[in-house]
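Presented below is the structure to which this report refers.
Values quoted throughout were computed directly from the atomic coordinates according to the rules given, and no laboratory measurement underlies them. Here the structure is a predicted model, which is why all the values come from computation and not from measurement. Here the Cβ positions follow ideal geometry from the backbone for every residue, glycine too, while neighbour counts run over all protein chains shown.
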Amino acid sequence: MIQRNPTREIKIGHIVIGNGNPIAVQSMCATPTTDIDATLGQIRSLEGAGADIIRIAADSKKDARALIELRNHTDAVISVDLQENYRLAQILAPHVDKIRYNPGHLYHHERAKPWKDKVRYLVDIAGSHDCAMRIGVNAGSVDPDKLEKYPREDSITPMVDSALEHSEWLDQLGYSRYCVSLKDSDPRKTVDAYIRFAQARPEIPLHLGVTEAGMPPEGIEKTRIALEQLIGRGIGDTIRVSLTLPYEDKHLEIAAGHQILQDISDGRVRTVVHFSEDKLNLISCPSCSRVENEAFIDLAHKVRERTRYAENHAVTIAVMGCRVNGPGETDDADLGLWCGPNYVNLKRQGEKVGAFKYDEILDRLDEELRSLIS
Ligand code: SF4
C-alpha cells in the first residue's frame with residue numbers, strides 16, 4: 001500500500017483525485033486535434049489501456065470546434081490544454097471536465113491585461129461549467145517575470161514561486177477545485193520542485209510527471225526515478241509518463257504509468273537512485289497536436305541511434321516537436337533541435353546554428369556533437 005499525503009479531494013468528470021483516492025493515470029493525445037478520426041482512435045486506445053484522464057490541446061478555434069465534435073463521440077474524461085490561447089476556455093468549458101493552463105503562457109495574448117484578470121476569467125468559466133483546473137508549470141516555459149527574479153542557475157525556485165502565486169490567487173478567488181504540476185525534464189529537479197511545493201501547500205493535489213522524458217526505455221526510467229522519490233514520500237494524486245512514441249503506440253504511456261505505480265505499491269523500488277549525470281542525456285518531447293511534421297518522432301529515434309557513440313559524454317541533446325515551444329525548451333541543452341514542417345532548427349549551447357532539411361539534420365548534428373566532445 002502507498003501512504004499518501006492528505007490532499008483535498010477534487011472531482012474531474014467521474015474521476016476523483018486527492019484525499020487518498022487512487023492515483024489517476026493520464027496521457028495526452030499527440031494527433032492533430034482537427035483530425036477527428038485519428039484523435040478519436042487515440043482516445044479509444046488510451047481508454048483501452050486504462051487511462052483515467054485524457055488531455056487534448058486546443059490552440060485555435062478550429063481545434064476547439066474539433067474538440068467539441070470529439071466530445072460527441074466519447075465519454076472519456078477530457079482535460080483541455082489551453083496552451084497560449086486562454087480565451088478558448090469560453091468555447092470549450094461546457095464540453096470538457098478539466099482546464100489546464102500554463103502560467104508561463106498567459107502573457108502571449110493581450111499583453112497589457114494583468115495575469116490575475118486572465119486567471120479570474122478562467123476561474124469564472126471553469127466554475128460555471130463544472131470544470132476542474134490544473135495550474136501546469138513547466139520548466140521550459142516558466143513565467144518570464146519569475147525567471148527575471150532569480151539567478152539563471154536556479155531553475156526550480158521560479159517554478160515553485162509561480163505555482164504558489166497562482167494557487168494563492170485561485171484561493172483568493174474562492175476556487176479550490178484545482179491541482180498543480182511542476183515538471184522538469186531532469187528527474188532530480190522535478191523531485192526538488194514537487195517536494196518544495198508540497199511542503200508549502202500540502203493540501204493541494206499534485207499531478208506528477210517528468211516533462212520531455214524521451215523515448216522508452218530511458219524515458220520510463222527517468223519518470224520512474226522521480227515518481228519513486230515522490231510517491232514514496234506520499235506526494236502525488238495523478239501521474240503521466242511522457243514518452244516520444246509513434247501515434248499508434250501512445251497507449252504505452254498508460255501501461256508504463258500503471259506498471260510504475262504497481263511496482264511502488266509492491267515495494268519493487270530502487271534502493272539507490274542513480275541518474276547518469278556523466279552520460280549522454282537525450283530529452284525529447286512526447287509530441288502533441290502542435291507537431292507539424294510527424295517525421296519528428298522518427299527523427300527522435302534516429303538521433304538516439306546516431307549519437308550512441310557519445311554515450312559516455314555529459315552532453316544533453318533536446319529534440320522538440322514544434323516551433324512554438326521548441327526554441328525555449330532547448331535553451332538549456334548543449335544541442336537543441338526543434339521541428340518545423342520542412343526544416344529542423346539546430347542550436348548549439350544557446351546559439352542558433354541554422355535550419356536543415358530532415359535528410360540533412362542528422363549529419364549536421366553529428367558534426368556539432370563530434371566537435372563538442374572532441
Ligand atoms: Fe507539443 Fe511542442 Fe511541447 Fe512537443 S514541444 S509537446 S510538440 S508543444
(Q) Ranking request for peptides 291-298, 336-343, 279-286, 206-213: highest mean number of other beta-carbon atoms within 10 Å first, then the rest in descending order. (A) 206-213, 279-286, 336-343, 291-298
Q.
Debye calculation, C-alpha points only, no solvent: report log10 I(q)/I(0) for the chain at q = 0.09, 0.11 Å⁻¹, in the same order as the q values.
A. -0.47, -0.72
Q) Tilt of helix 115-128 relative to the longest C-alpha principal axis of the chain, in degrees (0 to 90, nearest 10)? A) 50
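Mind putting a number on the dipole of the chain about its Cα centre? Charges go on the C-beta only, +1 for Lys and Arg and -1 for Asp and Glu, and I need it in Debye to the nearest 20.
620
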Q.
Please report the antiparallel percentage of the DSSP beta bridges confined to the chain, to the nearest 5.
A. 30
Q) If the viscosity is 0.890 mPa s and the temperature 25 °C, what translational diffusion coefficient in µm²/s does Stokes-Einstein give for the range 117-229 when Rh comes from Kirkwood over Cα pairs? A) 166
Q) Where Lys and Arg each count +1 and Asp and Glu each count -1, what net charge lies around H258 among other residues with Cβ under 13 Å from its Cβ? A) -2
Q) From the backbone phi of the range 284-298, what are the Karplus-calculated ³J(HN,Hα) couplings (6.51 cos²θ - 1.76 cosθ + 1.60, θ = phi - 60°) in whole Hz, Gly and Pro given as x? A) 8, 6, x, 6, 7, 5, 7, 4, 9, 9, 4, 4, 3, 5, 5
**Q.** Positive-end residue of I78, P217, Q262, charge dipole of the chain with Cβ unit charges
**A.** I78
Q | Two-site label geometry, Y150 and D366: point separation in nm, points 7 Å out along Cα→Cβ | A | 4.0
Q. Does anything in the range 41-59 have its amide N under 12 Å from the 7 Å Cα→Cβ label point of D35, and if so which residues?
A. 41-42
Q: State the Cα centre-to-centre distance between the range 31-66 and the range 107-175 in whole Å.
A: 25
Q.
What is the sum of charges, Lys and Arg at +1 and Asp and Glu at -1, for the other residues whose Cβ falls under 13 Å from the Cβ of K146?
A. -4
Q.
Students often get this wrong, so check it: of K250/K352; K250/K302; K183/K352; K62/K352; K98/K347; K61/K118, which have C-alpha atoms separated by over 27 Å?
A. K250/K352; K62/K352; K98/K347
Q. In whole Å and largest first, what semi-axes does the C-alpha gyration tensor of the range 1-58 yield when each eigenvalue is scaled by 5 and square-rooted?
A. 28, 12, 8
Q | Residue (of P151, S284, S162) at the positive-pole extreme of the chain, dipole from beta-carbon charges | A | S162
Q. Got the relative contact order for the range 281-373 handy, in percent, Cα pairs under 8 Å and 6 or more residues apart?
A. 24
Q: May I ask for the distance between the Cα centers of the range 324-369 and the range 218-263, given as a whole number of Å?
A: 27
Q | Nonlocal amide H pairs with L208, under 5 Å, H built at 1.01 Å | A | D237, T238, I239, R240
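If Lys and Arg each add +1 and Asp and Glu each add -1, what is the summed charge of the other residues whose beta carbon sits under 9 Å from the beta carbon of S27?
Net of charged neighbours comes to +2.
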Q: Normalising by the residue count of the chain, find the relative contact order in percent from Cα pairs under 8 Å and 6+ residues apart.
A: 15
